[in-house]
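Heads up, the thing below is written out as structure tokens.
The numbers here are math on the coordinates, done by the rules we state, and not lab data. Bear in mind that the values here come from a model prediction, so they are computed numbers and not experimental data. So basically every Cβ, Gly included, is an ideal-geometry build from the backbone, and we count neighbours across all protein chains shown.
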Amino acid sequence: GAVVSQHPSRVICKSGTSVKIECRSLDFQATTMFWYRQFPKQSLMLMATSNEGSKATYEQGVEKDKFLINHASLTLSTLTVTSAHPEDSSFYICSARDLNRGGYTFGSGTRLTVV
Amino acid sequence: AQSVTQLGSHVSVSEGALVLLRCNYSSSVPPYLFWYVQYPNQGLQLLLKYTTGATLVKGINGFEAEFKKSETSFHLTKPSAHMSDAAEYFCAVSEEGGGNKLTFGTGTQLKVEL
């Protein structure tokens, strides 16, 4: 089946630094990828929709300059949390849409802790 | 606009008992409906989905769900709970042509007791 690889699974960074999270579709081309944020014991909140070769579409309330999304190829999308602060600590999950099989495949998530 | 309501943030069942997780949706167009399971510190795994056709959908691990348009529901069931079913379950809806975004419910934590 479709596989989405997300790295790193866990990262701890100092306040003020930037962190990059990668999401790769391993056996299919993903023209569209989605980035979610999940707070403890809560649901997933869509942050942005990433389309290959174009600018990401951000949801209302999500800071574009803080959460930089790049989707330079059909198999790779990255989320960079810039100038991270403790309140950015969260679980980030990517998802890719497989047009051939239909449906959405999720990465295994990244636990970001900003200290 | 689409939305999902999951009744019951926590459900507890005995091992071997019926599992019923409720999901109601709203959508302005025929919806695509999904159930996902999430184990701690992991991503989401698709249990089953409804797009078109047969309204009773069978998924992995013995789960199934029935799309009832008249009730705008897509409840998840499993005849006999197993300890390994303990996890967080999310119902989600998407609208084709609506940016293909998934909208999630708030989730239901399933606890399975001996």
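Under 10 Å, Cα contacts only: if you run a Gaussian network model on chain A, which one of A:K66, A:K55, A:K41 comes out with the highest mean-square fluctuation?
Maximum fluctuation in the GNM of chain A, among the listed residues, is at A:K41.
Hey, could you pull the Cα Rg and Dmax for the protein assembly as shown, both in Å?
Calculated on Cα positions, Rg and Dmax stand at 17.6, 52 Å.
For peptide A:106-112, how many partner chain Cβ atoms fall within 10 Å of a residue's Cβ, on average?
Taking the mean over all residues of the peptide, I get 3.
Which residue, chosen from B:C23, B:L44, B:H82, occupies the Cα position most advanced towards the positive end of the dipole of region B:1-95, where the dipole is computed from +1 (Lys, Arg) and -1 (Asp, Glu) charges on Cβ about the Cα centre?
Result: B:C23.
With θ set to phi - 60°, apply the Karplus curve 6.51 cos²θ - 1.76 cosθ + 1.60 along region B:11-27 and write out the HN-Hα couplings as whole Hz, x wherever there is a Gly or Pro.
10, 10, 9, 7, 4, x, 8, 5, 9, 9, 10, 9, 8, 10, 10, 10, 7
Straight-line reach from B:K58: which lysines have a Cα under 29 Å away, not including same-chain ones fewer than 8 places off?
Straight-distance partners of B:K58: A:K41, B:K49, B:K68, B:K69, B:K78, B:K101, B:K111.
For a quick check, take a GNM of chain B with Cα springs below 10 Å and name the residue from B:P79, B:P31, B:P40 with the largest mean-square fluctuation.
Sorting by GNM fluctuation, first place goes to B:P40.
Name every cysteine in the protein assembly as shown that ends up alone, with no second cysteine's Cβ under 4.7 Å, or say none.
So far as the 4.7 Å Cβ criterion goes, A:C13 stand without a partner in the protein assembly as shown.
Just to check I understand the Karplus step: with θ = phi - 60° and J = 6.51 cos²θ - 1.76 cosθ + 1.60, what whole-Hz values come out for region B:47-63, glycine and proline as x?
Whole-Hz 3J(HN,Hα) from phi for region B:47-63: 8, 6, 8, 10, 10, 9, x, 3, 7, 9, 10, 9, x, 7, 6, x, 7.
Given the protein assembly as shown, what percent of its DSSP beta bridges are antiparallel, to the nearest 5?
90 percent
Is there a simple number for the mean count of other chain Cβ atoms within 10 Å of the Cβ of residues in B:31-43, and what is it?
Taking the mean over all residues of the peptide, I get 3.
What relative contact order, as a whole-number percentage, does chain B give when Cα pairs under 8 Å and 6 or more residues apart are counted?
Across chain B, relative contact order equals 37 percent.
For chain B, set up a GNM with springs between Cα atoms under 10 Å and report which of B:K69, B:K58, B:K49 has the largest fluctuation.
B:K69
Using θ = phi - 60° and the Karplus curve 6.51 cos²θ - 1.76 cosθ + 1.60, what whole-Hz ³J(HN,Hα) does each residue of region A:11-25 get, with Gly and Pro shown as x?
Values, residue by residue: 8, 10, 9, 7, 4, x, 8, 10, 10, 10, 10, 10, 9, 10, 8 Hz.
Determine one quarter of the surface area of the Cα convex hull of chain B, which equals its mean projected area, and express it in nm² to one decimal.
6.8 nm²
List the relative contact order of region A:1-72 as a percent without decimals, with contacts defined as Cα pairs under 8 Å and 6+ residues apart.
So the answer I get is 21 percent.
In terms of the Cα gyration tensor, with a ≥ b ≥ c the square roots of its eigenvalues, is region A:21-77 rounded because a/c is under 1.5, prolate because a/b exceeds b/c, or oblate?
oblate
Would you mind checking which residues have amide H under 5 Å from A:S89's amide H? H placed 1.01 Å from N; only 5 or more apart, or other chain.
Here the answer is A:V114, since their amide H atoms fall under 5 Å of that of A:S89.
Applying 1/(1 + (r/R0)^6) with R0 = 41 Å to the Cβ-Cβ distance of B:S28 and A:L76, what FRET efficiency is obtained, to the nearest 0.05?
That gives a FRET efficiency of 0.75.
Quick one: which residues, 5 or more positions from B:K101 or on another chain, have an amide H under 5 Å from its amide H? H modelled 1.01 Å from N in the peptide plane, none for Pro or chain starts.
B:E95
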